[in-house]
Amino acid sequence: MTSSNYTVTVLGLGAMGLPMATRLASELTVHGFDIAEPRLELAAEAGIKTFASAREASDGADALLLAVRNGEQLNDVLFGENGVASVLKPGAVVILGSTVGTEAIPATVEKLAEYGVALVDAPLSGGPKRAGEGDLLIVVGAEPEALEKARPALELLASTLSIVGDKPGDGQALKTVNQLLCGVHIAAAAEAMALADALGLDQAKTLAALEAGAAGSFMLSNRGPRILEAYSEDGAEVLSRLDIFVKDMGIVGKATRAAGLAAPVAAAAEQLYLLGQAQGLAAADDSAVIKVVAPAKRTA
């Protein structure tokens, strides 16, 4: 199959969905849907064919790229009252780019099989900018035949495509491990910058020094500048909502308990995100977790 007659449907054209759809449209035929009209207008300007419903957008697609919040939403989008699974052509693949945990995967695979559709478990990381540049990390668990069908889309989106297993659920498992580290690193970065402020240090200079040494990490460099913006009137630009880590650290907690594994550091980080959500920061950028550690910035 050539790229010109390979159609990918992207449902949800938000902060991640639109740059991914735009990247895919550079070489493939892309159909898109979002409940927000302004996002549809932006998508149309980017060369994406938009539709009035998710079912219309998904009809006859070779691949469906799906970003959902959790297993319940995954089930509703695919199999609910207006579910799209029934309009996908036999032989199509659903590429699940979200972190939903492993629990929802077996039932989803079984139900999709009734329509002759396979699930490619492909949770992704990298943020909107990297999504638009095809620079995402995507970890994949999928049967080899399904993986090959999804490759035209996956290879356009990923600079690092890591095949971690040959069954759906393997990708979710690795992403759970990934999110444990990411959630802990963001919380630790916030604590470190709060301590720098409490000790009277210039936070920007402190951040630059930390990045250059052994304490540096991707999350420190990525979230650090946004952590410093957390106390501004509008806060940091929302690139990753705080309540995403409420969800993801909850998935981590479930996984560690199911494995009989103690994870006290992850559990402590989860509490910070839960406190942030309770304090009204759910829709703020996750860098706002510093405001849980230190509700007010020093002024003297």
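Before moving on, here are some points about what is shown:
- Two-site FRET efficiency, Ala282 against Glu114, from Cβ-Cβ distance with R₀ of 30 Å, rounded to 0.05: 0.25
- Neighbours of Pro168, meaning other residues whose beta-carbon lies under 14 angstrom from its beta-carbon, give a summed charge of -3 when Lys and Arg score +1 and Asp and Glu score -1.
- Fully extending the segment from Ala296 to Arg69 would add 78.6 nm, taking 0.36 nm per residue of separation and subtracting the current Cα-Cα distance.
- Note on Phe218 and Glu133: their simple-model spin labels are 1.3 nm apart, each label 7 Å out from Cα toward Cβ.
- Using a probe of 1.4 angstrom and keeping all protein chains present, the accessible surface of segment 165-242 works out to 50 square angstrom per residue.
- Within the shell of other residues whose beta carbon sits under 12 angstrom from the beta carbon of Pro144, the net charge comes to -1, with Lys and Arg scored +1 and Asp and Glu -1.
- Working note: Karplus 6.51/-1.76/1.60 with θ = phi - 60° gives segment 121-132 the couplings 7, 9, x, 10, 9, x, x, x, 4, 5, 4, x Hz, where Gly and Pro are set to x.
- The chain: angle of helix 170-198 to the longest principal axis, Cα-based, in degrees nearest 10: 20
- Of the peptides 159-167, 8-16, the ranking by mean beta-carbon count within 10 Å, highest at the top, reads 8-16, 159-167.
- Two-decimal Rg to Rh for the chain - Kirkwood Rh, Cα set: 1.00
- Rounded to the nearest 20 debye, the dipole size of the chain about its Cα centre is 520 debye, using +1 on the Cβ of Lys and Arg and -1 on the Cβ of Asp and Glu.
- Within the shell defined by Cβ-Cβ distances under 12 Å, the residues around Ala236 carry a net charge of -2, with Lys and Arg each +1 and Asp and Glu each -1.
- Considering only Lys89, Lys205, Lys254, the Gaussian network model of the chain with Cα springs below 10 Å gives its largest mean-square fluctuation to Lys205.
- Fraction of accessible area attributable to carbon and sulfur, the chain (%, probe 1.4 Å): 56
- The modelled label-to-label distance between Ala209 and Ala258, using points 7 Å beyond Cα along the C-beta direction, is 4.4 nm.
- Nitroxide proxy distance, nm - points 7 Å out along Cα→Cβ at Ala268 and Asp76: 3.6
- Computed with every protein chain present, the accessible area of Leu274 is close to 60 Å² [probe 1.4 Å].
- Distribution of pairwise C-alpha distances over segment 100-176, 5 Å bins, in %: 3, 18, 25, 24, 18, 9, 3, 0
The values are calculated or read from the model by the stated rules, or taken from the named source; none is laboratory data. This structure is a prediction, so every number in the text was calculated from the model and none was measured. Virtual Cβ from ideal backbone geometry, glycine too; neighbours counted across all protein chains shown. Quick note on the areas: whole protein, heavy atoms, side chains included, nothing else; ligands and nucleic acids left out. Shrake-Rupley method; radii C 1.70, N 1.55, O 1.52, S 1.80 Å.
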